[in-house]
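Each remark here refers to the structure printed beneath this line.
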Amino acid sequence: MKPITFTLNGAPQDNGLEDVALHSGFVSRCVVAARSQGAALLCAALLAGCRAAPLAEAPAGQAAVADSAMVVSASPRAARVGASMLRLGGNAVDAAVAVAFTLAVTYPTAGNLGGGGLMLARINGETMALDFREVAPQAATRDMYLDARGEPTDRSVTGALAVGVPGSVAGLYEAHRKYGALPWRAVIQPAMELAEYGFRADASFVEDLEDNLPRFSPSTKALYAPNGVPFDTGMKFRNADLAKTLRLIAERGAAGFYEGETADLIVAEMQRGGGIITLEDLKRYQPKWRKPVEFTYRGHRVLTMPPISSGGLTLALTAGMLEGFDLRAMGANSADAIHVIAEAEREAFLRRNTLLADPDFVTIPTERFLSPDTARVLRTRIGRTKHTLSALPPDPVRGRHTTHFSVVDGQGNAVALTTTLNTGFGSAVSVSGAGFLLNNEMDDFTVSTEVVNQMGLRQGEANAIVPGKRMLSSMTPTIVLDSSGAPLLVTGASGGARIITAVLQVMLNVIDFQMPLPEAMRAPRFHAQDFPDRIDLSMPGIAESTAVALEARGHTVRRKEGPLGFGWAQSILRSGGKWHGVSEPRGHGIAAGF
Ligand code: GLY
């Protein structure tokens, strides 16, 4: 099929298939798919979508404002695909599934088929959490990443042994099975076409590749640096193997990935690279519905991710401590506010790193995170100066990793979904003949209690490797409700441990400091955790005088310039009866709505 030229927002597009979800050819193929499933009403909706007005779009850091629906993602193409799904009659879950599959094509540093993720959804007034985190293969062992002297190796980070059994395809299939309105095939079609017909690499796609190129396996080099030369900006990137894999998933559902040709290719890749995932591991993978964490913060109901994420409980405990301080009187990004927020974060991370893990393997002391009494006691430890000390470990990896997107639909449903390969491009191993990358999520387990992992976290025995166990995550998809129970703020972030503090900051900026969403997202970030005993400050957004004032209280301060080193959030806020979507100001995504 030939590309078809079309206009978008009045501007001619050089290749219609690059923005495939707005493409009339795509719509007609969806109609065919819908007809074949006997969905006459859907056909009408698809055709209506085809005639609809352009999307309201805003680049990173600016607000797109829309009446009905909104999608915010780090990948502009994925956001447009999601918004188009909504316009074509899909709901927030259809859009989320379509965005997630598209990210696997257009944002390979974190979007994935070979990784995992966590979804929080508010549908018809009820909230559900879906865990499609990777699991340790059956042949995994507690000390599998230590060398003969008991020292950690990099085998949990790069190469086939670093790979946990992927959960994304099973999770997306389950989300759609339970809540999807569009045909399964229709939500995969845009990703399939982007993989098949290609899209032009933009600067961010190329930058991500260049940062990770030295780690790439031969199979990944063949995809992203053919003939040894990495893709350059403007070149068209096609991935026929990935299109074939997506087609198998479209035709067979999750079985198109966990069984048959794709499963065989994954296992063959494992055997070539010294990995341990078997056909049996793939076949037995199951996503899990979990009860969301719920807490109130200054009168707002906050819904967030339960374990296997550490994010929700750590957020709840931090917010519980902070509720006793008048942050608004202290002032946003003042030394007073940063001091108490950082102290609360350090207390909460101390418990995160020692107590949290897979709830199917360890007992989670949920009350120690959610109880107002615990928060009150811990709050009393926060004085005028910093109160503990520890040594400084090496920095975590610098690059981007994980990606979050937020969706709301015209019925007031919302999805916050975070998905990941762990670090950028995961294990850096692609499945030959299947066109997708595999995660290095095994590094999120406690490889050793003595050292920090790639995310800069020193974790405890509870999170040790056991076959079939899920590794602890920091992903924090979060929905704050208004007084009527409708979504007010839908948010989440990428950035390892910094996810939790970025989500907290966006929430505090909106609730305590009453900032409009663009300001809440643009505000300079800071991050603290139990170890290293240090506050990272985003400079020069945070004033030098504030950094000095924090040092005077005994804090070790690291001044960081540039966009990296903090969480990247993707958020939607209900304000003045409209949806306001803002993509991370330090990134390259968009908000798109109508
Ligand atoms: N792989 C990052 C996280 O789940 O926290």
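Kirkwood Rh over alpha-carbon pairs of segment 224-286, then Stokes-Einstein at 25 °C and 0.890 mPa s: what D in µm² s⁻¹, rounded to an integer?
Taking Rh from Cα pairs, D becomes 182 µm²/s.
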Legend entry - 10 Å beta-carbon shell around residue 137, net charge (K/R +1, D/E -1): -3
Legend entry - Heavy-atom surface of segment 379-531, accessible at 1.4 Å and reported per residue (Å²): 26 Å²
Legend entry - Using alpha carbons only: equivalent-ellipsoid semi-axes of segment 339-498, gyration tensor based, whole Å: 28, 25, 16
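How high is the FRET efficiency from residue 68 to residue 350, r the C-beta distance, R0 41 Å, rounded to 0.05?
Here the calculated transfer efficiency is 0.40.
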Legend entry - Residue order for 261, 367 - accessible surface, 1.4 angstrom probe, largest first: 367, 261
Legend entry - Alpha-carbon centroids, segment 107-176 and segment 237-310: separation in whole Å: 7 Å
Inset, instruction - Determine the sum of side-chain charges near residue 435: Lys and Arg each +1, Asp and Glu each -1, restricted to other residues whose C-beta is under 9 angstrom from that of residue 435. - result: 0
Inset, instruction - Quick one: work out the % antiparallel among DSSP beta bridges in the chain, nearest 5. - result: 90 percent
Inset, instruction - Let me have the 222 nm mean residue ellipticity of the chain computed from DSSP H runs of 4+ only, each contributing -39500 (n - 2.57), with the sum over all residues rounded to the nearest 500. - result: -10500 deg cm²/dmol
Inset, instruction - Once you have a ≥ b ≥ c as the square roots of the Cα gyration tensor eigenvalues for the chain, tell me rounded if a/c is under 1.5, and otherwise prolate or oblate according to whether a/b is larger than b/c. - result: oblate
Inset, instruction - Using a 1.4 angstrom probe on heavy atoms only, work out the carbon and sulfur share of the accessible area of segment 220-358 in %. - result: 51 percent
Inset, instruction - Please calculate how many Å² of accessible area segment 545-594 carries per residue, with a 1.4 Å probe and no DNA, RNA or ligand atoms counted. - result: 35 Å²
Inset, instruction - Note down the nm distance, to one decimal, between modelled labels 7 Å out along Cα→Cβ at residue 360 and at residue 483. - result: 4.2 nm
Inset, instruction - Assuming a ≥ b ≥ c are the square roots of the Cα gyration tensor eigenvalues, decide whether segment 47-130 counts as rounded (a/c under 1.5), prolate (otherwise, with a/b larger than b/c) or oblate. - result: oblate
Inset, instruction - Working with all protein chains in place, sort 350, 550 by solvent-accessible area computed with a 1.4 Å probe, largest first. - result: 350, 550
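When N is the residue count of segment 309-361, what does its C-alpha Rg come to as a fraction of 2.2 N^0.38 Å? Before the final figure, lay out each step's value.
Working: Rg = 12.9 Å, N = 53, 2.2 N^0.38 = 9.9 Å.
It is 1.30.
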Inset, instruction - Would you work out if segment 119-214 is rounded, prolate or oblate? Take a ≥ b ≥ c from the square roots of the eigenvalues of the alpha-carbon gyration tensor; rounded if a/c is under 1.5, else prolate when a/b is larger than b/c, oblate otherwise. - result: oblate
Legend entry - Residue-level accessible surface for residue 151, protein heavy atoms, 1.4 Å, Å²: 90 Å²
Legend entry - Gain upon complete extension [residue 233, residue 561; 0.36 nm per residue less C-alpha separation]: 115.5 nm
Legend entry - Selection from 114, 160, 407, by position along the positive dipole direction of the chain (Cβ): 407
Inset, instruction - Arrange the peptides 126-133, 160-167 so that the one whose residues have, on average, the most other Cβ atoms within 10 Å appears first. - result: 160-167, 126-133
Inset, instruction - Starting from the Cα gyration tensor of segment 478-594, multiply each eigenvalue by 5, take the square root, and state the resulting semi-axes largest first in whole Å. - result: 28, 15, 13
Legend entry - Accessible area, probe 1.4 Å, largest first, for residues 339, 588: 588, 339
Inset, instruction - Would you mind counting up the charge near residue 151? Only other residues with Cβ under 14 Å from its Cβ, with Lys and Arg at +1 and Asp and Glu at -1. - result: -2
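The values are calculated or read from the model by the stated rules, or taken from the named source; none is laboratory data. Just so it is clear, the structure is predicted and the values come from calculations on it, not from any experiment. In this analysis, Cβ positions are derived from the backbone assuming ideal geometry, glycine residues included, and neighbour counts consider all displayed protein chains. Just so you know, the surface numbers come from the protein's heavy atoms only, side chains and all, with ligands and any DNA or RNA stripped out. Shrake-Rupley method; radii C 1.70, N 1.55, O 1.52, S 1.80 Å.
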